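These notes concern the structure reproduced below.
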Amino acid sequence: MLNDEIISKYKMTVGIECHVQLATNTKLFSGADNDERDKSPNSVVSPIDYGLPGMLPVLNRGAVDLAIIAGKALNSPIAHVSRFDRKHYFYPDLPKGYQTTQMYQPIIGAGIINVPLENGNSIDVRINHAHMEEDAGKLTHHGKFSLVDLNRAGTPLIEIVSEPDIHSSIEAKAFAIELYQLMTYAGVTRGDLYHGNMRFDVNISAALKTSKELGIRSEVKNLNSFRSVGRAAEFEFRRQIELLERGEKVVQETRGWDEAKQKTVSQRSKEDAQDYRYMPDADIPPIVLSDDEINSIQANIPLLPSYYRQSWNKLGLDDTVINALISSQSTAQLLQRIIEKGGESVARRVGIWLLLAIDEQSEDLDIGKSKNVPISDDQFIELSKMVDANELSSTAAKDVLFAMMQRSDSPRVIAIEKNLIQVSDESEIMLIVDEVLADQSSDKAVVDLQNGNDKVIGFLVGQVMKKSGGKANPSKVMELIRKKVKKL
Ligand code: MN
């Protein structure tokens, strides 16, 4: 069996390929609907998608535009000339007999992304390239027969290919998350992981740390959750180490992830490497792009997570808080507007409130889309101003915040109705202070305080707060007790 000592002798090396479905209205080469969710099988398919003889594909310019935006998010150059090739193979979900893809001249060149890790560090992962291609249909297996659904056939994809710069299952998962955030922030994909809008293929190898060469890799295909990316990498790393420790060889092969058993299973060996007979697709002219065209399309890209991480540094919030806020684009955009409208100290406070709100919602992180009442920028700023003006304690502000998530009233209306407005008026507080100091139970504390034991003031403040129903401004209370006790 493996132990930590044995595992620590080995280094994991991971490269990830990710298929991203582009959020176009229609398919890559036909006018068929590109949103197959909740559609009955084979209802959104054009003859172009299954390659009837005589069909003529026409490239969807919207897909090209999204690829150009994706390239910007990956910090990659866009090729001035790229083109499509045919990758030949037979499979029931690909009745055309070939996949239209970009083998030799992909549209997106080499790039790099910075991936933040939970421990506050980050890693750089290089991108080899990304190419456009069409998706295949889907097969479902039912005992002795299988069914073909071609709704997905012809859906535009970009396949992003990373360099093997990932060296732990934690890094693999973090890379998948960052790629998801980049592609959804940029609006390249709908990002519906449940429906396979992003699918990860993870290439893993294990080698002794003393070895200069990489080990033989296996590829775990079609993972559609961040957690399974991390778990598959870890499982495969350990499986390979076990083989190597027994003196056996790792076979280069494609494996699948069994979610129920939480393990990888062999699907096919790569020994019989296929020859796809790639050739240029004669039906589709090359994509020719000028710098002006590329720049004008990329100029409209929304702010990306890295921008928020950098510009929010000055707020003095923890990295974990910032990353939690960035996990939802609409939350990030909201906080950015608060910085612009209300300044940094207001934004810092609102940032913490947003995190509380996210925790409260637990299921749906997206404050704008949740079942809760959306809270406007101005409401957040007003709530913050009430704290600054000592009208609300920070605890009371949280109560108001949670109430704001249930109803659309202003924070002031809610605070008044819940009787949470702090009393800062001296004469009002003085009445309660007098009452408390006159009470017998305070006698000892008063004497102690007069004798210089400052700690006991907490007890007296507590008594006043209790009597005021928590509404007195505690710093005012303390100030008045000191004044009064000196005079006694
Ligand atoms: Mn592919």
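The values are calculated or read from the model by the stated rules, or taken from the named source; none is laboratory data. This structure is a prediction, so every number in the text was calculated from the model and none was measured. For neighbour counting, all protein chains shown are included, and Cβ atoms are generated from backbone atoms with ideal geometry for every residue, glycine included.
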Worksheet item: Any residue in the range 23-36 that is at pLDDT below 95 and in the same structural domain as His141 (by TED's automatic domain parsing)?
Response: yes
Discussion item. Yes or no: the range 176-194 includes at least one residue that is among the aliphatic types (A, V, I, L, M), away from the ligand (no atom under 16 Å from the Cβ), more than 18 Å from the chain's Cα centre (by Cα) and not in a strand (DSSP E or B).
Written reply: no
Response to the item:
Considering the range 152-176, residues that are β-branched (Val, Ile, Thr) and in contact with a Leu (Cβ under 8 Å, 6 or more places away or on another chain), and then whichever is farthest from Arg126 (Cα to Cα), we arrive at Thr155
Discussion item. Quick check on my filter: what residues within the range 66-95 are within 15 Å of the ligand (Cβ to nearest atom), under 30 Å from Thr184 (Cβ atoms) and more than 30 Å from the chain's Cα centre (by Cα)?
Written reply: Phe84, Asp85, Lys87, Tyr91, Asp93, Leu94
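With the structure loaded, tell me whether Arg199 is within 16 Å of the ligand (Cβ to nearest atom), assigned by TED's automatic domain parsing to the domain that holds Asn222 and not acidic (Asp, Glu) or whether it fails that test.
On the way: within 16 Å of the ligand (Cβ to nearest atom): yes; assigned by TED's automatic domain parsing to the domain that holds Asn222: yes; not acidic (Asp, Glu): yes.
Criteria met by Arg199.
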Worksheet item: Would you call Arg227 closer than 29 Å to Leu304 by Cα and touching a strand residue (DSSP E or B) at 6+ places or on another chain (Cβ under 9 Å)?
Response: no
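Take Val220 and tell me if it is more than 16 Å from the ligand (Cβ to nearest atom) and under 12 Å from Glu17 (Cβ atoms).
no
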Worksheet, complete the sentence: Note on the range 47-68: residues farther than 30 Å from Ile301 by Cβ and either without any contact (Cβ under 8 Å) to a residue 24 or more places away in the chain or not in a helix (DSSP H, G or I) (or both) are Pro47, Gly51, Leu52, Pro53, Gly54, Met55, Leu56
Worksheet entry | Hits in the range 153-175 - residues which are surrounded by fewer than 21 Cβ atoms within 10 Å (Cβ to Cβ) and either closer than 26 Å to Thr26 by Cβ or within 16 Å of the ligand (Cβ to nearest atom) (or both) | Glu159, Val161
Worksheet entry | Identity of the residue in the range 100-119, over 18 Å from Val64 (Cβ atoms) and not aliphatic (A, V, I, L, M), that ends up farthest from the ligand (Cβ to nearest atom) | Asn119
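Take the residues in the range 291-314 that are buried (at least 16 other Cβ atoms within 10 Å of the Cβ) and under 21 Å from the mean Cα position of the chain (by Cα), then tell me which one is farthest from Val64 (Cα to Cα).
Trp312
Per-residue answers, yes or no, for (1) hydrophobic (A, V, I, L, M, F, W, C); (2) in contact with a helix residue (DSSP H, G or I) (Cβ under 8 Å, 6 or more places away or on another chain):
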position	(1), (2)
Leu289	yes, yes
Asn295	no, no
Leu303	yes, yes
Arg309	no, yes
Gly316	no, yes
Leu356	yes, yes
Asp359	no, no
Met386	yes, yes
Worksheet item: Residues of the range 220-238 being more than 17 Å from the chain's Cα centre (by Cα), crowded, with 21+ Cβ neighbours inside 10 Å and not in a helix (DSSP H, G or I), which ones?
Response: Val220
